[in-house]
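**Student:** Input: one structure, supplied below.
The values are calculated or read from the model by the stated rules, or taken from the named source; none is laboratory data. Only a predicted model underlies this, so the values are computations on that prediction, with no experimental measurement involved. Cβ placement follows ideal geometry from the backbone for every residue including glycine, while neighbour counts extend to all protein chains displayed. Quick note on the areas: whole protein, heavy atoms, side chains included, nothing else; ligands and nucleic acids left out. Shrake-Rupley method; radii C 1.70, N 1.55, O 1.52, S 1.80 Å.
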Amino acid sequence: MIQSMTGFGKHVIQLPTKKITIELKSLNSKNLDLNARIPSAYRDKELELRKTIASALVRGKIDFGLYMEITGDETPSKINEGVVKQYIKQLKQVADGDDLRLLEMAIRLPDALKTDREDIDVTEYDAIKEALKEALKEINAFRSEEGKVLEKDFLERVKTLQALLELVKKMDPERNATIRERLEKAVADLKTEVDANRFEQELIYYLEKYDITEEKVRLDNHLEYFTTTLNSKDSNGKKLGFISQEIGREINTIGSKANYAPMQQLVVQMKDELEKIKEQMLNVL
């Protein structure tokens, strides 16, 4: 079963003094492109969190956000009293003003506030890992639902390609007869004597050049293989992409050998269906 690379997952945890929100967004990309927004207090754990996300999501352009909101009495920053007092003392030397006004000025100056960096509590980090696990479940469920939509579209288009191939097969004898008739008429228009046996040999040679038997068989096999891969347990967008390339190669060869307008019209329809498959394939994991 295929998965889309488009998805969204979110999980919120409420700790005694903090509310932590984890968000995951993903779009299509050839490889894993992970962008993380994490508060500085959690930077030590970034590598571990990245590994967890990469293992679960495999591929895509991923935006990971870990947001913290203080809901208790604690604050991340404290007033650096010694520094503020020194600022006020210096300000009094250069300007007149009441203490409240000078305090407002001092508090905006560098190092007036200090942030105490504390180690992450083990219980808190365990809660974050559990929240990430839940967000990953949600985004993978989203990807699977999107994958079902893509799978349905692919199956319909492959079915259309198979139907067009059947029309090509039915048309092939008529095409061969038309090519043969065209060549015979061209020779007759020359109004010169030709060796019948030599002409027949040359005719067979040209008909073999236009023969598409192998291409029809290979195209049939590629379409069947595409469907089998689509229904496999694991999502493999790259493999499906390679099969699509092989399908396109056989369609192009049939078109170049056709030399028959009605068949070339079918080839154009096949190319159109395949192009739509390739466009959607960019979003398959």
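**Student:** Give the aspartates and glutamates reachable from LYS25 as a straight Cα distance under 16 Å; neighbours fewer than 8 places away on the same chain don't count.
**Tutor:** ASP33, ASP63, GLU134, GLU138, GLU145, GLU146
**Student:** Same structure again: Which order, highest average first, do 56-66, 94-104, 224-234, 210-220 follow once you tally other Cβ atoms within 10 Å for each residue and take the mean per peptide?
**Tutor:** Working: 56-66: 19.5, 94-104: 10.8, 224-234: 13.5, 210-220: 15.9.
Most protected by this proxy first, the peptides run 56-66, 210-220, 224-234, 94-104.
**Student:** Please report the relative contact order for the chain, taking Cα pairs under 8 Å with a sequence separation of at least 6, and give it as a percent rounded to a whole number.
**Tutor:** Numbers: 358 pairs, mean separation 74.9, N = 285.
Computed over the chain, the figure is 26 percent.
**Student:** Between ARG108 and THR52, how many nm apart are label points set 7 Å from Cα along the C-beta direction?
**Tutor:** Going by the 7 Å Cα→Cβ label model, 4.1 nm.
**Student:** Can you give me the accessible area per residue for the chain, using a 1.4 Å probe, in Å²?
**Tutor:** Numbers: 17550 Å² over 285 residues.
Ligands and nucleic acids excluded, the result is 62 Å² per residue.
**Student:** Same structure again: Which pairs in the list LYS238/LYS271; LYS51/LYS238; LYS51/LYS129; LYS137/LYS276 are over 18 Å apart, alpha-carbon to alpha-carbon? Could you put the intermediate results ahead of the total?
**Tutor:** Working: LYS238/LYS271 20 Å; LYS51/LYS238 22 Å; LYS51/LYS129 12 Å; LYS137/LYS276 30 Å.
Beyond 18 Å between Cα atoms: LYS238/LYS271; LYS51/LYS238; LYS137/LYS276.
**Student:** Oh, and also: Calculate one ³J(HN,Hα) per residue across the stretch 121-129 by plugging θ = phi - 60° into the Karplus curve 6.51 cos²θ - 1.76 cosθ + 1.60, and present them in order as whole Hz with x for glycine and proline.
**Tutor:** Values per residue, Gly and Pro as x: 5, 4, 4, 5, 5, 4, 5, 5, 5 Hz.
**Student:** Next up: Counting helices only, and only those DSSP H runs with n ≥ 4, report the 222 nm mean residue ellipticity of the chain as the sum of -39,500 (n - 2.57) divided by its residues, in deg cm²/dmol to the nearest 500.
**Tutor:** Calculated mean residue ellipticity at 222 nm is -21500 deg cm²/dmol.
**Student:** With a 1.4 Å probe and every protein chain left in place, tell me how much accessible area ILE2 has, in Å² to the nearest 10.
**Tutor:** Using a 1.4 Å probe on the heavy atoms, I get roughly 0 Å².
**Student:** Could you check the spin-label model distance between THR17 and THR228? Points 7 Å from the Cα along Cα→Cβ, value in nm.
**Tutor:** In this crude label model, THR17 to THR228 measures out at 6.2 nm.
**Student:** Can I ask one more? Please work out how much length the chain gains when fully extended from ASP126 to LYS185, using 0.36 nm per residue of separation minus the C-alpha to C-alpha distance, in nm with one decimal. Mind dumping the intermediate values first?
**Tutor:** Working: separation 59, 0.36 × 59 = 21.24 nm, distance 8.37 nm.
Using 0.36 nm per residue and subtracting the Cα-Cα distance, I get 12.9 nm.
**Student:** Continuing with the same structure: What's the carbon and sulfur percent of the stretch 1-111's accessible surface, probe 1.4 angstrom, rounded to a whole number?
**Tutor:** Working: 3540 of 6960 Å².
Within the stretch 1-111, the accessible surface is 51 percent carbon and sulfur.
**Student:** Still on this structure, I have one more. Starting from the residue with the highest accessible area, list HIS222, HIS11 in decreasing order, probe 1.4 Å.
**Tutor:** Details: HIS222 40, HIS11 60 Å².
Accessible-area ranking of HIS222, HIS11, largest first: HIS11, HIS222.
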